[in-house]
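The values are calculated or read from the model by the stated rules, or taken from the named source; none is laboratory data. Just so it is clear, the model here is predicted, and its values are computed rather than measured. When we count neighbours, we look across all protein chains shown, and the Cβ atoms used for this are built from the backbone with ideal geometry, even at glycine. The area values use the complete protein model at the heavy-atom level, side chains included, leaving out ligands, DNA and RNA. Shrake-Rupley method; radii C 1.70, N 1.55, O 1.52, S 1.80 Å.
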Amino acid sequence: SDSEDHVFKVILLGEHGVGKSSLARIFGGVEDLHDVEDAGNTYDRSIAVDGEEACLLVFDIWEQDNTHWLHNQCMKMGDAYVIVYSVTDKASFEKASELRIQLRRARQSEDIPIILVGNKSDLVRSREVSVEEGRACAVVFDCKFIETSAALHHNVKDLFEGIVRQIRLRKDSK
Ligand code: GDP
Ligand code: MG
């Protein structure tokens with residue numbers, strides 16, 4: 001249907017503690033809610049991008065039970081992916097690479113939008129991954145790149161708008 005055409009499933013991937021839930025809550029506008037389950041949530045919101053509404057369904061469920069089954073489901077179900085690492089945690093950056101490879105394997109010939117996100121850019125003094133490293137990684141992975149700070153709300157809006165633009169670009173070229 002026409003309405004289903006405009007609902008895009010976005011899956012957040014990444015190591016524990018990198019800021020997936022923080023980013024998802026900002027998107028969902030529920031930062032102040034204390035009863036939000038930490039285990040896994042889905043946020044459903046319409047945003048206007050370039051004068052046109054788009055509905056995103058953002059899944060913060062990657063760590064919900066850490067089973068192979070759930071991880072396989074996540075790899076299969078997304079219209080777009082946000083792979084998050086923390087710029088203060090080199091290991092989480094390396095994990096992001098692994099996730100990118102897993103995703104490529106799961107979705108072989110499909111051209112799905114992927115955005116690599118270096119979060120916690122506000123923590124200048126404990127930075128372990130430079131902007132250049134992040135950008136270079138995204139080039140190799142053939143995906144978009146953005147640094148965000150969930151703590152300062154920096155670039156979070158741009159991140160989700162960027163996803164919508166990436167999805168539209170691919171739809172328009174079909
Ligand atoms: P998740 O495990 O990937 O869902 O990560 P969370 O969203 O639960 O965040 C883990 C911790 O990092 C929490 O204490 C957050 O408050 C903190 N955090 C998340 N994003 C940022 C950020 O951009 N800057 C800073 N300084 N802390 C952050
Ligand atoms: Mg979380």
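List of remarks:
- Residue match in the range 104-119 (condition: within 16 Å of ligand 2 (Cβ to nearest atom) and either of a type outside the set (K, R) or touching a Ser or Thr at 6+ places or on another chain (Cβ under 7 Å) (or both)): yes
- Strands (runs of 3 or more DSSP E) wholly inside the range 38-93 that include at least 1 residues being acidic (D, E) and more than 15 Å from ligand 2 (Cβ to nearest atom): 41-49, 52-60
- Applying the set (1) open to solvent by less than 30 Å² (accessible area, probe 1.4 Å); (2) part of a loop (DSSP other than H, G, I, E, B) to V117 leaves exactly one unmet item: (2).
- Checked against (1) under 17 Å from I163 (Cα atoms); (2) exposed (fewer than 12 other Cβ atoms within 10 Å of the Cβ); (3) modelled with pLDDT of 95 or more, I26 passes all but a single condition, namely (2).
- Of all residues in the range 120-140, those satisfying the criterion of being without any contact (Cβ under 8 Å) to a residue 60 or more places away in the chain and buried (at least 19 other Cβ atoms within 10 Å of the Cβ) are S121, V129, G134, C137, A138.
- Filtered residues of the range 121-174 (kept if more than 17 Å from the chain's Cα centre (by Cα) and closer than 22 Å to I26 by Cβ): D122, L123, V124, S126, R127, V129, V131, L152
- Residue selected from the range 46-92 under the condition open to solvent by less than 10 Å² (accessible area, probe 1.4 Å) and β-branched (V, I, T), by the criterion farthest from R165 (Cα to Cα): V87
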